[in-house]
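The values are calculated or read from the model by the stated rules, or taken from the named source; none is laboratory data. Only a predicted model underlies this, so the values are computations on that prediction, with no experimental measurement involved. Counting neighbours? That spans all protein chains shown, and the Cβs are built from the backbone with ideal geometry, glycine included. Ligands, DNA and RNA are stripped out before the accessible areas are found, and what is left, the full protein with its side chains, is counted by its heavy atoms. Shrake-Rupley method; radii C 1.70, N 1.55, O 1.52, S 1.80 Å.
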Amino acid sequence: MLTKELIEKRINKFLGYGNLNSDIWFIGMEEGFHGNSTDLENRFNRTKDKLVIDLQDSMTDVQDHMKWFLPNSKIQRTWGKLILILLTLKSNEKITNDKIKEFQRKEFGRLNSNHCILEFMPLPCRSIRKKDWFYDKFEINYLETRKKYLDKIIPLRIKLFQDLIKKYNPKIIICYSFSYLEKWKEIIGCNLLKKKNLYHCRKDKTNFFIIPHSTAHGMTNNDWNEITQNIKQISGSLD
């Protein structure tokens, strides 16, 4: 049973998947959810009292999630562009869909990886539409509406991520989605330069980038290839 305790533990602590001691962090808006109530409860149980977990090994009982790691799995829409960036950063070879699928199945979001995939907002949800908000039934006053949730939790999560960045100092942080541009700016705290489809700056030892969401309307494969190459070029030039 999904309880108030499980929900609040996730809100206060859980960040996402992968290795916080890694060089590359991705930060998204929030985790999607398209499973059933059992899958949701299992998600919350798996993340109880954890900052990060393994994207596969820690989620084996979440059926809707594990479908992305089968031999015949398709590329998950959000992850695909993040994996493209990861593979581009470590290789000069052409990145094919087969390479992206293989990385998704075996290496993406693992606890021993060179990256992590973090979520700015902690509660998974089907969409941001009012009809898909189902946390109002758990008798937590600030979860009565999505707006109350955002108003209450956003400032806390901004502070949480600011503190995490100071502690871990990753080489690269990539925030994806221009919808949260102002929130990313608060987290980053430095003057951003714009280069077509990305913003970037360097603060202390970290190279920050803000890019569109992987599913952003109107973005072409050429646009994404340009973004990945710019991230690679800028990061290299700032070493």
### Message
Need a quick list: strands (runs of 3 or more DSSP E) entirely within the range 144-228 having at least 1 residues that are under 20 Å from Lys90 (Cβ atoms) and touching a strand residue (DSSP E or B) at 6+ places or on another chain (Cβ under 6 Å).
### Response
172-176, 198-203, 206-211
### Query
For Pro122, are the conditions met, namely being open to solvent by less than 80 Å² (accessible area, probe 1.4 Å), touching a residue at least 12 places away in the same chain (Cβ under 8 Å) and not basic (Lys, Arg)?
yes
### Summary
Counted residues in the range 134-143 being in a loop (DSSP other than H, G, I, E, B) and in contact (Cβ under 8 Å) with a residue 60 or more places away in the chain come to 2
### Task
Might you check whether a residue that is modelled with pLDDT of 95 or more, among the charged types (D, E, K, R) and open to solvent by less than 60 Å² (accessible area, probe 1.4 Å) occurs anywhere in the range 202-225?
yes
### Summary
Restricting attention to the range 202-230, the residues that are under 19 Å from the mean Cα position of the chain (by Cα) and either among the charged types (D, E, K, R) or farther than 17 Å from Leu181 by Cβ (or both) number exactly 4
### Task
Within the range 31-65, work out how many residues are open to solvent by 60 Å² or more (accessible area, probe 1.4 Å), within 15 Å of Arg126 (Cα to Cα) and either part of a strand (DSSP E or B) or touching a residue at least 40 places away in the same chain (Cβ under 8 Å) (or both).
1
### Query
Could you say which residue among Ile7, Ile75 is among the hydrophobic types (A, V, I, L, M, F, W, C) and free of Cβ contacts under 8 Å to residues at least 60 places away in the same chain?
Ile75
### Summary
Ser73 fails exactly one of (1) more than 18 Å from Gly35 (Cβ to Cβ); (2) surrounded by fewer than 18 Cβ atoms within 10 Å (Cβ to Cβ); (3) among the small types (Gly, Ala, Ser), namely (1)
### Query
Do you know which of the residues in the range 97-129 that are touching a Ser or Thr at 6+ places or on another chain (Cβ under 8 Å) and either of a type in the set (Val, Ile, Thr) or assigned to a helix (DSSP H, G or I) (or both) is farthest from Leu40 (Cα to Cα)?
Lys101
### Message
Please verify whether Ile153 is farther than 16 Å from Lys203 by Cβ, surrounded by 19 or more Cβ atoms within 10 Å (Cβ to Cβ) and β-branched (Val, Ile, Thr), treating the condition exactly as stated.
### Response
yes
### Message
Quick test of your reading of the structure: Arg105 fulfils all but one of (1) surrounded by 18 or more Cβ atoms within 10 Å (Cβ to Cβ); (2) under 18 Å from the mean Cα position of the chain (by Cα); (3) farther than 21 Å from Ile211 by Cβ. Name the failing condition by number.
### Response
(1)
### Message
Can you report the number of residues in the range 155-181 which are under 13 Å from Phe120 (Cα atoms) and of a type outside the set (Val, Ile, Thr)?
### Response
14
### Message
If Pro71 satisfies all but one of (1) part of a helix (DSSP H, G or I); (2) over 23 Å from Trp184 (Cβ atoms), what's the number of the condition it fails?
### Response
(1)
### Query
What's the number of the condition Ser177 fails, among (1) polar (S, T, N, Q); (2) open to solvent by 10 Å² or more (accessible area, probe 1.4 Å); (3) touching a residue at least 60 places away in the same chain (Cβ under 8 Å)?
(2)
